[in-house]
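Any read-out appearing in this document is the output of simple, stated calculations on the displayed coordinates, not a laboratory observation. These figures come from a predicted structure and were not determined experimentally. As a convention, Cβ positions derive from the backbone with ideal geometry for all residues, glycine included, and neighbour counts pool all protein chains shown.
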Protein chains: 2
Amino acid sequence: MPEEKKISMAVIRRLPRYFRYLHDLLKLDIKRISSRELSERMCITASQIRQDLNCFGGFGQQGYGYNVESLYNEISRILGVDKRFTCIIVGAGNMGTALANYENFKKRGFDIVAIFDVDPAKIGGKINGIDIYSMDTLEDFVKQHKVDIAMLTVPNRTITEVAEKVTSVGIKGIWNFSPHELRLGEDVVVENVHLSDSLMVLGYRLRSKGY
Amino acid sequence: MPEEKKISMAVIRRLPRYFRYLHDLLKLDIKRISSRELSERMCITASQIRQDLNCFGGFGQQGYGYNVESLYNEISRILGVDKRFTCIIVGAGNMGTALANYENFKKRGFDIVAIFDVDPAKIGGKINGIDIYSMDTLEDFVKQHKVDIAMLTVPNRTITEVAEKVTSVGIKGIWNFSPHELRLGEDVVVENVHLSDSLMVLGYRLRSKGY
């Protein structure tokens, strides 16, 4: 995707949000929207929206606004929502179980094909129809199935070891639910889910309203 | 906090990340850091860092960099990490259970004092020592305890009803784990956790590396 090289990660990180809003607008059969209306709905400044959307071509027209469908299609293309990723969950605890039951991932192109754990009581079971395997079989599984992403929901004390294990068998994408920053190879892509960050922003916003 | 009014939400949303990195630096006994080093660690451009940190006073000195402790203290003050928030979880499913077991929240000032559910099999039980109550008792509970935040981990089909219920009894902060955008009163603060967004960014980054 050489033409996307110049889009900054800050813009990329906002694209899923544009994608969701535009998807909602399409469902409501709204054909066009001004940056101002989009701004009000998304709570992003209109100038930020114009700047973001200019990054990947001029879809806005003065006095007309944005064509919702074109913009949605273009953002979908950049995000690659038609692509499919094969995912595994490592850690069949509560968070792992919650993820295995999350219906939205499949819609977005992420297929969870297996769950791994070390607990003999869990191995051999299923969550939402997905088999739970022993960590000992991970390497063989990855040899037989191309796995793009490992969703790591293991206890904090084992996260480093588990992350090293999954990358050593060739998995390149890590979705990390632990608060630890993982330092893995240059060729590994890590996205961290820091739930506390969102909660701290909520706390800030409550305080700034005087609650 | 009138002096913080001019800090944009985009900057505020990055503050928890600065907070975490600076906290790690302090633990490593690192006293100062240049915007360039911080940039490399955080994968944010140095100019973005300078711009962000300039928003709340000039802590950087040419040729010296940032004093880690001052910067950490200032960001802590803005984020209000010394403040405590009383929280409840609504929905004792897997995500609710995962949150109730998440040790980091308390450290960041968020005390989970009760869990609510509608399932008679769960009501009366405990998760991580926290009592599970019937939704029918929510109003009375909130009258007796000041509750700042409701963490909503209920099924999608009930999210709107539950959000209306918790705000009708006076809770002003909503941490929403459903993919639905909640439209509540102007006086209610909603933070949405869109797990798929982070996963979509991971997918984008994998594709842009050619995997």
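Size of chain B: Rg and Dmax of its alpha carbons, in Å, are 20.1, 64. Out of the DSSP beta bridges found with both residues in the protein assembly as shown, what percent are antiparallel (nearest 5)? Looking only at bridges with both residues in the protein assembly as shown, the antiparallel portion is about 20 percent. Put simply, the Cα atoms of the protein assembly as shown extend 57, 56, 56 Å along their principal axes, the longest span coming first.
Reducing the stretch B:135-184 and the stretch B:85-100 to their Cα centroids gives an inter-centroid distance of 11 Å.
With a 10 Å radius around each residue's Cβ, average the other Cβ atoms per peptide and rank A:136-144, A:189-197, highest first.
Details: A:136-144: 14.0, A:189-197: 19.8.
Descending mean neighbour count gives A:189-197, A:136-144.
Sorting the segments B:115-128, A:9-22 by their mean number of nearby beta carbons within 10 angstrom, highest to lowest, gives A:9-22, B:115-128.
Only one residue of B:Ala121, B:Leu15, B:Val68 has its Cα farthest out toward the positive end of the dipole of chain B, where Lys and Arg carry +1 and Asp and Glu -1 on Cβ, and that residue is B:Val68.
Remark: the Cα gyration tensor places the stretch A:85-196 in the rounded category, a/c being less than 1.5.
Ignore the peptide's own chain and count Cβ atoms of other chains within 10 Å of each Cβ in B:19-28; give me the average, rounded. Working shown, then result.
Details: counts 3, 7, 1, 0, 0, 1, 0, 0, 0, 0.
Taking the mean over all residues of the peptide, I get 1.
Go ahead and run the numbers for FRET between B:Arg41 and B:Asp140, Cβ-Cβ distance against an R0 of 60 Å, rounding to 0.05.
Working: r = 48 Å, r/R0 = 0.80.
That gives a FRET efficiency of 0.80.
For B:Phe116, the amide hydrogen comes within under 5 Å of the amide hydrogens of B:Ile89, B:Val90, B:Gly91, B:Tyr133, counting only partners 5 or more places away or on other chains and with H modelled in the peptide plane. Taking Cα centre as origin and charging only the Cβ of basic (Lys, Arg, +1) and acidic (Asp, Glu, -1) residues, the dipole magnitude of the protein assembly as shown rounds to 980 debye.
The dipole here belongs to the stretch A:55-211: it is taken about the Cα centre, uses +1 on the Cβ of Lys and Arg and -1 on the Cβ of Asp and Glu, and is about 540 debye. Beta bridges assigned by DSSP with both partners in chain A are antiparallel in approximately 20 percent of cases.
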